Amino acid sequence: MDQILILDFGSQTTQLIGRRVRDLGVYTEIIPGDTPVDSALTKNVKGIILSGSPESVYDTGAVPDKKIYDCGLPLLGICYGLQRMTHDLGGKVEPLPKKEYGRIDVKISPDTASGYTAEFLKGFRSSFTAWMSHGDTLTKLAPGFKEYGSSATGYPAVVAHEKNPWFGLQFHPEVTHCEGGDGILGAFVFGVCGCNKGWSMEHYVEELGQSLKARAGDNPVLLLISGGVDSTVAGAALLKTLKSEQVHLMYMDTGLMRKNETAAVRSSLEKLGAKNLHIIMCENEFLSALKGKEEPEEKRRIIGDLFITVQEREVARLKLPESYFLAQGTLYTDLIESGKGVGKKAHVIKSHHNVASPLVDAKRKAGKIIEPLDRLYKDEVRELGRYLGVDEEIVRRHPFPGPGLAVRILGGITREKCDILREADAIFIEELKNRKGPSGKSLYDEIWQAFAILLPIRSVGVAGDVRKYGWVLALRAIISADGMTADVYPFETRDILEISTRITNSVKEIGRVTYDISSKPPATIEWE
Ligand code: XMP
């Protein structure tokens, strides 16, 4: 199968490049930007993309193996990737007087282009709005390169080498804010690299089955299930590719779950053929540990630590043989956002507790970790779930963070607050499922992630003739491709007003509802 290799220099959008190329039907692998390049690595590779980076070529920015310039493969440098190529090949990169960030217009002048460059430029509109985020710019192109597009601010935006199939973009074609970005990536992948489409879920499951059987043999495989789409699909993948008797599924009800979550998880996994389902009820343990704790990272740490403690205790109780494998529903995104995966240089945004634990570390050291989704993006996980026959209701479910309601109850957590939030959130979600959006789909399906947040403030109101001092609830609904960036969902006023009224009428503890109108960046999706 043809493959595009992506050298990751730590940009938060590296994985989006991979995602977009896979959406075009071509398999991508992301590897650390400084990985040595040899013929084994590039066996099926038809082209290499050099990602962006939060660093500068003059500071600690990672340096690619110089062999990429001799291996004969087409190269596409994006942002830092372009600056890296320019710097490595004898051009000059210098700081901008002011960092450029956001939407910037780009004009293309394809007149003198021929060969590969003409093929590449076929993917561009003559002028379009791109998305940029850079503090450095090219002040001198490397020898053999020519500028084919510039930004409205007067800097090189598109460059190509006159002989070799080497290209550079100062903007990010992978982000949705870039007009025609898919066309640009497509022109590189198909027009320049000549890739054939070969990436499909059928192919993924086939390969996964072979590798899981080869690795796990008849040994037990234990999967820790959170209740979200990812771990349920990971469970389905294990049940499909291995014997159901060898698959153990463990789920902890921490008391921080959505309404009816545990019952839904149980029934869906049983429907998928689970024979060894271990549901651990540990609400009291979690709520006592969180008592009086208000600081977001401390709450996350407490939950992460307790997960580990309970996990180890319960796993020990199963008395599985030493040879068992531990599976996780980790996605590409989880690894990259934690700065622990391929993107060694990515800056840590939030600690995602589900990436590492002593149990996971020990199993990883012993070579006994299975992460059946660790190459997949969220949408691909949904596609895989459908392919494996997971209930549509679960497949289309919005993402839910590992620490659960703890990061949606700002400040201190009590059982009462969990119940209030659960109730309000369930109403919000039910309303979204019952209301149609402009596309004809339900609002729930139009929105990428929606949830309620309980704020640590109360406000005055009236209920009947009586003064009420109720909690303030925030609603969040965002559109996103994968959670890396997000736009606020533009509700029809009537919808959001009616939803708010139903919440304040039904959940007596809530006195006021607000709608969060912050995009990501600068805000994150979750509030903590
Ligand atoms: P943020 O808040 O970082 O969220 O913009 C991006 C996506 O990740 C989810 N999220 C988490 N998922 N463990 C998880 O499994 C976590 O600790 C965690 N924190 C955030 C969030 O719901 C959104 O979909």
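The values are calculated or read from the model by the stated rules, or taken from the named source; none is laboratory data. Since the model is a prediction, treat every value here as computed from it, not as a measurement. Cβ placement follows ideal geometry from the backbone for every residue including glycine, while neighbour counts extend to all protein chains displayed.
Looking at L318, L277, L256 in this structure, which one is in contact with a Pro (Cβ under 9 Å, 6 or more places away or on another chain) and over 30 Å from P456 (Cα atoms)?
Numbers: L277 fails: in contact with a Pro (Cβ under 9 Å, 6 or more places away or on another chain); L256 fails: over 30 Å from P456 (Cα atoms).
Of the residues listed, the single one that is in contact with a Pro (Cβ under 9 Å, 6 or more places away or on another chain) and over 30 Å from P456 (Cα atoms) is L318.
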Got a number for residues in region 374-385 being in a helix (DSSP H, G or I) and either crowded, with 19+ Cβ neighbours inside 10 Å or free of Cβ contacts under 8 Å to residues at least 40 places away in the same chain (or both)?
6
Given the criteria modelled with pLDDT under 95, away from the ligand (no atom under 16 Å from the Cβ) and closer than 30 Å to L421 by Cβ, does S268 qualify?
yes
Region 386-406 - residue that is in contact with a helix residue (DSSP H, G or I) (Cβ under 7 Å, 6 or more places away or on another chain) and not in a loop (DSSP other than H, G, I, E, B) and, of those, farthest from the ligand (Cβ to nearest atom)
Y387
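Can you find, within region 482-498, the residue that is nearest to the ligand (Cβ to nearest atom) among those that are part of a loop (DSSP other than H, G, I, E, B) and surrounded by 18 or more Cβ atoms within 10 Å (Cβ to Cβ)? Working first, answer last.
Kept after step one, since they are part of a loop (DSSP other than H, G, I, E, B), are these residues of region 482-498: 482-485, 489-492.
Those left that are additionally surrounded by 18 or more Cβ atoms within 10 Å (Cβ to Cβ): 482-485, 489, 491.
Details: D482: 9, G483: 4, M484: 8, T485: 9, Y489: 14, F491: 19 Å.
Among those that are part of a loop (DSSP other than H, G, I, E, B) and surrounded by 18 or more Cβ atoms within 10 Å (Cβ to Cβ), it is G483.
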Residues of region 68-91 satisfying the condition of being exposed (fewer than 14 other Cβ atoms within 10 Å of the Cβ) and either in contact with a helix residue (DSSP H, G or I) (Cβ under 6 Å, 6 or more places away or on another chain) or of a type outside the set (D, E) (or both)
G72, G90
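I'd like to check something: does region 72-80 contain any residue that is without any contact (Cβ under 8 Å) to a residue 12 or more places away in the chain and within 29 Å of Y204 (Cα to Cα)? Walk me through it before giving the result.
Keep residues of region 72-80 that are without any contact (Cβ under 8 Å) to a residue 12 or more places away in the chain, which gives 72.
Now narrow it down to the ones that are within 29 Å of Y204 (Cα to Cα): 72.
Yes, the conditions are met somewhere in region 72-80.
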For region 445-481, which residues satisfy the criterion of being in a strand (DSSP E or B), buried (at least 19 other Cβ atoms within 10 Å of the Cβ) and within 15 Å of the ligand (Cβ to nearest atom)?
Q449, A450, F451, A452, I453, L475, R476, A477, I478
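Counting just the residues of region 28-60 that are aliphatic (A, V, I, L, M) and at pLDDT 95 or above, which one comes out nearest to V93 (Cα to Cα)?
Here is the first cut: in region 28-60, the residues aliphatic (A, V, I, L, M) are 30-31, 37, 40-41, 45, 48-50, 57.
Of the ones still in play, those that are also at pLDDT 95 or above are 45, 48-50.
Details: V45: 29, I48: 21, I49: 19, L50: 16 Å.
Ranking the candidates gives L50 first.
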Contact list, first residue from region 503-528 and over 14 Å from R408 (Cβ atoms), second anywhere and acidic (D, E) and away from the ligand (no atom under 12 Å from the Cβ), beta-carbon distance below 6 Å, six or more apart or interchain, is V507/E423; S519/D487
Only listed residue being buried (at least 19 other Cβ atoms within 10 Å of the Cβ) and not in a loop (DSSP other than H, G, I, E, B), chosen from T129, T137:
T137
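If you go through region 436-444 one residue at a time, do you hit one that is of a type in the set (D, E, K, R), away from the ligand (no atom under 16 Å from the Cβ), in the same structural domain as I510 (by TED's automatic domain parsing) and farther than 25 Å from I302 by Cα? I'd like the intermediate steps shown before the answer.
Residues of region 436-444 that are of a type in the set (D, E, K, R), as a first pass: 436, 441.
Next, only the ones that are away from the ligand (no atom under 16 Å from the Cβ) stay: 436, 441.
Add one more test, that the residue is in the same structural domain as I510 (by TED's automatic domain parsing), and what stays is 436, 441.
Keeping just the survivors that are farther than 25 Å from I302 by Cα gives 436, 441.
Yes, region 436-444 has at least one match.
Please verify whether A216 is modelled with pLDDT of 95 or more, within 16 Å of the ligand (Cβ to nearest atom) and farther than 30 Å from K417 by Cβ, treating the condition exactly as stated. Give the steps one after another, and end with the answer.
On the way: modelled with pLDDT of 95 or more: yes; within 16 Å of the ligand (Cβ to nearest atom): no; farther than 30 Å from K417 by Cβ: yes.
No, not satisfied.
For (1) closer than 30 Å to T485 by Cβ; (2) touching a residue at least 60 places away in the same chain (Cβ under 8 Å); (3) in the same structural domain as G412 (by TED's automatic domain parsing), each residue gets a yes or a no:
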site: G181; (1), (2), (3): yes, yes, no
site: S200; (1), (2), (3): yes, yes, no
site: L208; (1), (2), (3): yes, yes, no
site: D230; (1), (2), (3): yes, yes, no
site: L238; (1), (2), (3): no, yes, no
site: Y251; (1), (2), (3): no, no, no
What's the number of the only condition in (1) closer than 30 Å to R19 by Cα; (2) modelled with pLDDT under 95; (3) more than 13 Å from the ligand (Cβ to nearest atom) that V310 fails to meet?
(1)
Select from region 499-524 the residues that are surrounded by 14 or more Cβ atoms within 10 Å (Cβ to Cβ) and either acidic (D, E) or within 30 Å of L16 (Cα to Cα) (or both) and list them in ascending order.
E509, Y515, D516, S518, S519, K520, A523, T524
I'm told G227 meets every condition in (1) at pLDDT below 95; (2) within 16 Å of the ligand (Cβ to nearest atom); (3) part of a helix (DSSP H, G or I) except one. Can you identify the failing condition by its number?
(3)
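Is it the case, given these coordinates, that F145 is touching a residue at least 24 places away in the same chain (Cβ under 8 Å), closer than 19 Å to D182 by Cα and in the same structural domain as S11 (by TED's automatic domain parsing)? Reasoning before the result, please.
Details: touching a residue at least 24 places away in the same chain (Cβ under 8 Å): yes; closer than 19 Å to D182 by Cα: no; in the same structural domain as S11 (by TED's automatic domain parsing): yes.
It is false that F145 is touching a residue at least 24 places away in the same chain (Cβ under 8 Å), closer than 19 Å to D182 by Cα and in the same structural domain as S11 (by TED's automatic domain parsing).
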Unmet criterion (only one of (1) more than 15 Å from the ligand (Cβ to nearest atom); (2) of a type in the set (D, E); (3) not in a helix (DSSP H, G or I)) for E430
(3)
Meets criteria (at pLDDT 95 or above and either among the acidic types (D, E) or within 24 Å of K213 (Cα to Cα) (or both)) for Y324
yes
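Based on this model, can you work out whether I308 counts as in contact with a Leu (Cβ under 7 Å, 6 or more places away or on another chain), under 21 Å from P358 (Cα atoms) and of a type in the set (A, V, I, L, M, F, W, C)?
Details: in contact with a Leu (Cβ under 7 Å, 6 or more places away or on another chain): yes; under 21 Å from P358 (Cα atoms): yes; of a type in the set (A, V, I, L, M, F, W, C): yes.
Taking the combined requirement at face value, the residue satisfies it.
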Hey, any hits in region 90-103 for a residue that's of a type in the set (G, A, S), in a strand (DSSP E or B) and either more than 17 Å from H161 (Cβ to Cβ) or without any contact (Cβ under 8 Å) to a residue 40 or more places away in the chain (or both)?
yes
